[in-house]
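S.K.: Okay, here's the structure, questions in a sec.
The values are calculated or read from the model by the stated rules, or taken from the named source; none is laboratory data. Being a predicted model, the structure only gives us computed values, none of them experimental. With ideal geometry, Cβ positions are generated from the backbone for all residues, glycine too; neighbour counts draw on all protein chains shown.
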Amino acid sequence: MTDSTTTLFERVGGAEFFERLVDAFYEGVATDEVLLPLYPEQPDLTGARHRLTLFLIQYWGGPTTYMNERGHPRLRMRHMPFHVGPLERDRWLVHMTAAVETVCTDPDVPDGIADELLTYFVPAAEHLRNDTGLPISSSRPSHG
Ligand code: HEM
C-alpha cells in the first residue's frame, strides 16, 4: 500500500536504500560496452555514482544536497553531451530495472516501491533520449 503522506525517501528508510540501488545499477554499467565509454571519468564511476545517488535522494523527497552541490538538475541539458539514442536508453533501463529488482527483494522494502520507481525511470529515460536513432537524425551528411 502506498502511503501518500510520506515521501518514498522515508518509506524506503532513507539514503542507504539509494546507495544500494545506485551501486547495483553501476555494477551493470561497469560491464556495459555501450554505456561505459560515455562516462567521462570511466573506468572511475565514483563521481557518477555520487551524483546519481544525491539526485535520486532529492527527487524522492530526501535532503537537497544534490541541489547544493550541482545546482538545478536540468537533466536534459546535462545529458546533451552524451549520445542517448534508443539503444543507450534501453541499456540504461535494463541495468536500472535489474537494480530496482535486486534492492526491492529486501523484505524491509515495502510493496509497490519497485513499481513507483520504474513508473518514473521509464519515461524519464525516454525524456533524456537526444537522438531518435532514425537515419533522418543521424550526423551523416544528407548530401554527397
Ligand atoms: C531516468 C533516467 C536518468 C536519470 C534520472 C539520470 C540521472 C543522471 C544524473 C543525476 C547525472 C549527473 C548529472 C550532474 O549533476 O552532472 C547523470 C549523468 C550521466 N548520465 Fe544519466 N540519467 C538518466 C538516464 C541516462 C541515460 C538513458 C543515459 C544513457 C547514456 C545516461 C548517461 C549519463 C552519463 C554518461 C552521465 C555522466 C556521468 C557523470 O555524472 O559523470 N543517463 N545522469
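S.K.: If I go through the stretch 37-50 residue by residue, how many of them are within 17 Å of MET80 (Cα to Cα) and surrounded by 15 or more Cβ atoms within 10 Å (Cβ to Cβ)? Please lay out each step first, then the result.
M.R.: Taking the stretch 37-50 as the starting set, the residues that turn out to be within 17 Å of MET80 (Cα to Cα) are 37-41, 48.
The next check asks that each one be surrounded by 15 or more Cβ atoms within 10 Å (Cβ to Cβ); those that pass are 38-39, 48.
Adding up the residues that qualify gives 3.
S.K.: If you scan the stretch 70-107, which residues turn out to be more than 8 Å from the ligand (Cβ to nearest atom), part of a helix (DSSP H, G or I) and within 27 Å of GLU10 (Cβ to Cβ)?
M.R.: Of everything in the stretch 70-107, those that are more than 8 Å from the ligand (Cβ to nearest atom), part of a helix (DSSP H, G or I) and within 27 Å of GLU10 (Cβ to Cβ) turn out to be HIS95, THR97, ALA98, ALA99, VAL100, GLU101, THR102, VAL103, CYS104.
S.K.: Evaluate the stretch 84-92: report whether one residue or more is of a type in the set (Gly, Ala, Ser), modelled with pLDDT of 95 or more and closer than 30 Å to PRO135 by Cβ. Spell out the reasoning first.
M.R.: Start the filter on the stretch 84-92 by keeping residues that are of a type in the set (Gly, Ala, Ser), which leaves 85.
Imposing the further condition that a residue be modelled with pLDDT of 95 or more reduces the set to 85.
With closer than 30 Å to PRO135 by Cβ added as a condition, the list becomes 85.
Among the residues of the stretch 84-92, at least one is of a type in the set (Gly, Ala, Ser), modelled with pLDDT of 95 or more and closer than 30 Å to PRO135 by Cβ, which makes the answer yes.
S.K.: If you check GLU88, GLU27, which single one turns out to be closer than 21 Å to PRO123 by Cβ and among the charged types (D, E, K, R)? Working first, answer last.
M.R.: Values: GLU27 fails: closer than 21 Å to PRO123 by Cβ.
Just one listed residue meets the conditions, GLU88.
S.K.: Pick from GLY144, GLY62, GLY133: which is in a loop (DSSP other than H, G, I, E, B), modelled with pLDDT under 95 and surrounded by 12 or more Cβ atoms within 10 Å (Cβ to Cβ)?
M.R.: Details: GLY144 fails: surrounded by 12 or more Cβ atoms within 10 Å (Cβ to Cβ); GLY62 fails: modelled with pLDDT under 95.
Sole residue among the options that is in a loop (DSSP other than H, G, I, E, B), modelled with pLDDT under 95 and surrounded by 12 or more Cβ atoms within 10 Å (Cβ to Cβ): GLY133.
S.K.: Kindly indicate whether GLY14 is surrounded by fewer than 14 Cβ atoms within 10 Å (Cβ to Cβ), away from the ligand (no atom under 15 Å from the Cβ) and at pLDDT 95 or above.
M.R.: Details: surrounded by fewer than 14 Cβ atoms within 10 Å (Cβ to Cβ): yes; away from the ligand (no atom under 15 Å from the Cβ): yes; at pLDDT 95 or above: yes.
Taking the combined requirement at face value, the residue satisfies it.
S.K.: Sort out which residues of the stretch 18-39 are assigned to a loop (DSSP other than H, G, I, E, B) and touching a residue at least 24 places away in the same chain (Cβ under 8 Å), and write them in order of number. It would help to see each step written out before you state the result.
M.R.: At the first step, the residues of the stretch 18-39 found to be assigned to a loop (DSSP other than H, G, I, E, B) are 30-35, 39.
ASP32, VAL34, LEU35 - these are the residues of the stretch 18-39 that are assigned to a loop (DSSP other than H, G, I, E, B) and touching a residue at least 24 places away in the same chain (Cβ under 8 Å).
S.K.: Continuing with this model, one more query. Hey, can you tell me all the residues within the stretch 1-55 that are more than 20 Å from GLY71 (Cα to Cα) and small (Gly, Ala, Ser)?
M.R.: Of everything in the stretch 1-55, those that are more than 20 Å from GLY71 (Cα to Cα) and small (Gly, Ala, Ser) turn out to be SER4, GLY13, GLY14, ALA24, GLY28, ALA30.
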